[in-house]
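Participant: Here it is, the structure, as structure tokens.
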Amino acid sequence: MADESVYPAFSAHGLLDLRYQNTDASRGWLDNGLGKFRSGGDTDRVRMNEAALSVQGQWWDWSGTVTAKYADEQDNPVDLQEAFLHYRPVSTTPWRFGARLGMFFPPVSFENNGVAWSSPYTLTSSAINSWVGEELRTFGGEANASYQFGYSVRFGVFGALLANNDTAGTLLAWRGWNLHDYEATLSDRLNLPQGTGIQTVFPNQAAYTSPFVELDGSPGYYAGISGEHPGIGKFRILHYDNQTNPEALRGGQYGWHTQFWSFGFKNELPQQLTLIGQGMTGSTLMGNWVGGRREVQVDFWATSLLLSKAFDIHRISIRYDHFATRGAHLQSTSQRLVLDSTGNYVWQNSYFWGNNNENGDAWTVNYNIMLEKHQQINIEMTYLDSYNANRLAIRKSPNQEEILWQLGYRVFF
């Protein structure tokens, strides 16, 4: 821990995460598949899932955080997950102000509040938080202000200007929602599904998406409101818009104009029960105008509800996820001669659209126990039932049931 009587003061925290996994699932998304988990197949595996180190420095009203990590199948063995400055001056009035500057997660999740964005409730993140970990990071500045009414209730507003999120939406459009615990790093490259014809229709698209790049020089933003009653609960509502030019293209990466609303709450209930709910709804667009629409247009939404019970050193959590996408992408074009109103033959374009629809439901059940010296053992099962139209392109059934069993050993320091 940092000694607050001496400035600057430094502290460090870390995480070592080892896993045994048994899967009955399709090929995972990190392996170019359309399975809904990080890794798939009908197999057993033991691996070092993740190792992370987070260093904090404190300078009076300022603090700095740098988090670096190693993760299985990460593009670079060690890379940055977050790096930012945090300004939070001491307040002697009901008003409180703060700011962040750098690279950090947007304020969406109420579950992932541990070291390196880990969760105390489950090994597998919700569908919403899985996507946030993949494709969203704030590269820019965030400001917030809040006011406390009486002795407890506090309401606030916050907003940010951001860059380097111009490809956000790529994975939702081409692959759909997933459930996993992989958070992309600064220079990561995330594989796109193979065999679905992406490069056939969009030959300039690389076989991967780079989640944190700037393509059009136009800043995005998010803004929201929050509320908190200590000992009872908190809520947050956020609107996000990366304001990307959907016709931008550079280095094998297309621009995706992605916007969404995010809703979340966390309630502390009697008997050491915690209830967390999240929702998200939005859309993502890419490409030129063709036949009155963009070449790719996808609407998306997801919800989750988690109930957790803590007793002594034990915790049991159960979460339900529902997710869906609705949209289409340009698959091919053709021309034919037709007779116009003047009696002359003219060429008319015909457009054929591919299906980007999916929907699914998932249940995650986790039991964990905290041992001495910050050691944690997790036993977890995730069951997922989903429909994804893109599976037809690789000659798989669009309807699939997948299950993942995990035994996790974590050390926090």
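Participant: Please work out which residue is farthest from E228 (Cα to Cα), limiting yourself to the stretch 145-159 and to residues that are part of a strand (DSSP E or B) and touching a residue at least 60 places away in the same chain (Cβ under 8 Å).
Facilitator: Here is the first cut: in the stretch 145-159, the ones part of a strand (DSSP E or B) are 145-149, 153-159.
Of the ones still in play, those that are also touching a residue at least 60 places away in the same chain (Cβ under 8 Å) are 146, 153-159.
Details: S146: 10, V153: 6, R154: 5, F155: 7, G156: 9, V157: 12, F158: 14, G159: 18 Å.
Once the filter is applied, the top-ranked residue is G159.
Participant: Further question on the same structure: Can you say whether P203 is at pLDDT below 95, farther than 29 Å from L306 by Cβ and of a type outside the set (A, V, I, L, M, F, W, C), as far as the supplied structure shows? Give the steps one after another, and end with the answer.
Facilitator: Details: at pLDDT below 95: yes; farther than 29 Å from L306 by Cβ: yes; of a type outside the set (A, V, I, L, M, F, W, C): yes.
When the stated conditions are applied, P203 passes them.
Participant: Shifting gears a bit: Is the stretch 15-33 home to any residue that is over 30 Å from Q400 (Cα atoms) and at pLDDT 90 or above? Outline the logic, then answer.
Facilitator: Narrowing the stretch 15-33 to residues over 30 Å from Q400 (Cα atoms): 15-16.
Narrowing further to those that are at pLDDT 90 or above: 15-16.
Yes, the stretch 15-33 contains at least one residue that is over 30 Å from Q400 (Cα atoms) and at pLDDT 90 or above.
Participant: In addition: Of the numbered conditions (1) in a strand (DSSP E or B); (2) hydrophobic (A, V, I, L, M, F, W, C); (3) at pLDDT below 95, V55 satisfies every one except a single condition; which is it?
Facilitator: (3)
Participant: Let me ask something additional. How many of the residues in the stretch 267-292 are surrounded by fewer than 19 Cβ atoms within 10 Å (Cβ to Cβ), over 18 Å from the mean Cα position of the chain (by Cα) and closer than 26 Å to N112 by Cβ?
Facilitator: 8
Participant: Restricting attention to the stretch 245-286, which residues are of a type in the set (S, T, Y) and within 17 Å of T122 (Cα to Cα)?
Facilitator: Step one: filter the stretch 245-286 for residues of a type in the set (S, T, Y), giving 254, 258, 262, 274, 281, 283-284.
The one that is of a type in the set (S, T, Y) and within 17 Å of T122 (Cα to Cα): T274.
Participant: Residues that are buried (at least 18 other Cβ atoms within 10 Å of the Cβ) and assigned to a strand (DSSP E or B): does the stretch 84-94 have at least one?
Facilitator: At the first step, the residues of the stretch 84-94 found to be buried (at least 18 other Cβ atoms within 10 Å of the Cβ) are 84, 86.
Still in the list and also assigned to a strand (DSSP E or B): 84, 86.
The answer is yes, given that some residue of the stretch 84-94 is buried (at least 18 other Cβ atoms within 10 Å of the Cβ) and assigned to a strand (DSSP E or B).
Participant: Taking the residues in the stretch 308-339 that are over 30 Å from the mean Cα position of the chain (by Cα) and exposed (fewer than 12 other Cβ atoms within 10 Å of the Cβ) as candidates, determine which candidate is farthest from T124 (Cα to Cα).
Facilitator: Within the stretch 308-339, the subset over 30 Å from the mean Cα position of the chain (by Cα) is 312, 332-339.
Keeping just the survivors that are exposed (fewer than 12 other Cβ atoms within 10 Å of the Cβ) gives 312, 334-339.
On the way: D312: 23, S334: 45, Q335: 48, R336: 51, L337: 54, V338: 55, L339: 58 Å.
Step by step, filter the stretch 308-339, then rank; the result is L339.
Participant: Name the residue, out of T333, T342, that is at pLDDT 80 or above and farther than 30 Å from I128 by Cβ.
Facilitator: Details: T333 fails: at pLDDT 80 or above.
Result: T342 is the single residue among T333, T342 that is at pLDDT 80 or above and farther than 30 Å from I128 by Cβ.
Participant: Report every pair of residues separated by at least 6 positions or lying on different chains whose Cβ atoms are under 7 Å apart, first residue within the stretch 377-392 and touching a residue at least 40 places away in the same chain (Cβ under 8 Å) and of a type in the set (S, T, Y), second surrounded by 23 or more Cβ atoms within 10 Å (Cβ to Cβ) and outside any strand (DSSP E or B).
Facilitator: T382/T124; T382/L179; S386/K36
Participant: Checking the condition surrounded by fewer than 17 Cβ atoms within 10 Å (Cβ to Cβ) and at pLDDT 95 or above, which residue from V6, V78 passes?
Facilitator: Working: V6 fails: at pLDDT 95 or above.
V78 is the lone residue from the list that is surrounded by fewer than 17 Cβ atoms within 10 Å (Cβ to Cβ) and at pLDDT 95 or above.
Participant: Also: Search the stretch 359-375 for residues being among the aliphatic types (A, V, I, L, M) and closer than 12 Å to A310 by Cβ, and hand back the single one that is surrounded by the fewest Cβ atoms within 10 Å (Cβ to Cβ).
Facilitator: Top of the filtered list is I369.
Participant: Select from the stretch 293-337 the residues that are more than 30 Å from G255 (Cα to Cα), in a strand (DSSP E or B) and either of a type outside the set (D, E, K, R) or in contact with a helix residue (DSSP H, G or I) (Cβ under 8 Å, 6 or more places away or on another chain) (or both) and list them in ascending order. Working first, answer last.
Facilitator: Pass one, the stretch 293-337, residues more than 30 Å from G255 (Cα to Cα): 305-320, 336-337.
Narrowing further to those that are in a strand (DSSP E or B): 305-311, 314-320, 336-337.
Scanning the stretch 293-337 gives L305, L306, L307, S308, A310, F311, H314, I316, S317, I318, Y320, L337.
Participant: Please work out which one of (1) farther than 21 Å from N129 by Cα; (2) surrounded by fewer than 19 Cβ atoms within 10 Å (Cβ to Cβ); (3) in contact (Cβ under 8 Å) with a residue 24 or more places away in the chain is the condition E295 fails and give its number.
Facilitator: For E295, the exception is condition (2).
Participant: Considering (1) in contact with a Gly (Cβ under 7 Å, 6 or more places away or on another chain); (2) among the polar types (S, T, N, Q); (3) not in a loop (DSSP other than H, G, I, E, B), say which one S39 fails and leave the rest.
Facilitator: Looking at each condition in turn, S39 falls short on (3).
Participant: Does Y121 satisfy the condition of being among the aromatic types (F, W, Y), touching a residue at least 24 places away in the same chain (Cβ under 8 Å) and over 27 Å from L407 (Cβ atoms)?
Facilitator: Details: among the aromatic types (F, W, Y): yes; touching a residue at least 24 places away in the same chain (Cβ under 8 Å): yes; over 27 Å from L407 (Cβ atoms): no.
When the stated conditions are applied, Y121 does not pass them.
Yes or no, residue by residue, for (1) of a type in the set (S, T, Y); (2) touching a helix residue (DSSP H, G or I) at 6+ places or on another chain (Cβ under 8 Å):
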residue	(1), (2)
T342	yes, no
L371	no, no
I379	no, no
Y387	yes, no
A393	no, no
P398	no, yes
F412	no, yes
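Participant: Here is a further query. Have a look at L215, L190 and point out the one that is surrounded by 15 or more Cβ atoms within 10 Å (Cβ to Cβ), within 19 Å of the chain's Cα centre (by Cα) and among the aliphatic types (A, V, I, L, M). Steps first, answer last, please.
Facilitator: Working: L215 fails: within 19 Å of the chain's Cα centre (by Cα).
Sole residue among the options that is surrounded by 15 or more Cβ atoms within 10 Å (Cβ to Cβ), within 19 Å of the chain's Cα centre (by Cα) and among the aliphatic types (A, V, I, L, M): L190.
Participant: Does any residue of the stretch 398-407 turn out to be under 22 Å from A173 (Cβ atoms) and without any contact (Cβ under 8 Å) to a residue 60 or more places away in the chain?
Facilitator: Within the stretch 398-407, the first condition is being under 22 Å from A173 (Cβ atoms), and the residues that meet it are 398-400, 402.
If we keep only those that are without any contact (Cβ under 8 Å) to a residue 60 or more places away in the chain too, we end up with 398-399.
Yes; the residues of the stretch 398-407 include at least one that is under 22 Å from A173 (Cβ atoms) and without any contact (Cβ under 8 Å) to a residue 60 or more places away in the chain.
The values are calculated or read from the model by the stated rules, or taken from the named source; none is laboratory data. No experiment lies behind these values; they were computed from the predicted model shown. Positions of Cβ are backbone-derived with ideal geometry, glycine not excepted, and every protein chain shown enters the neighbour counts.
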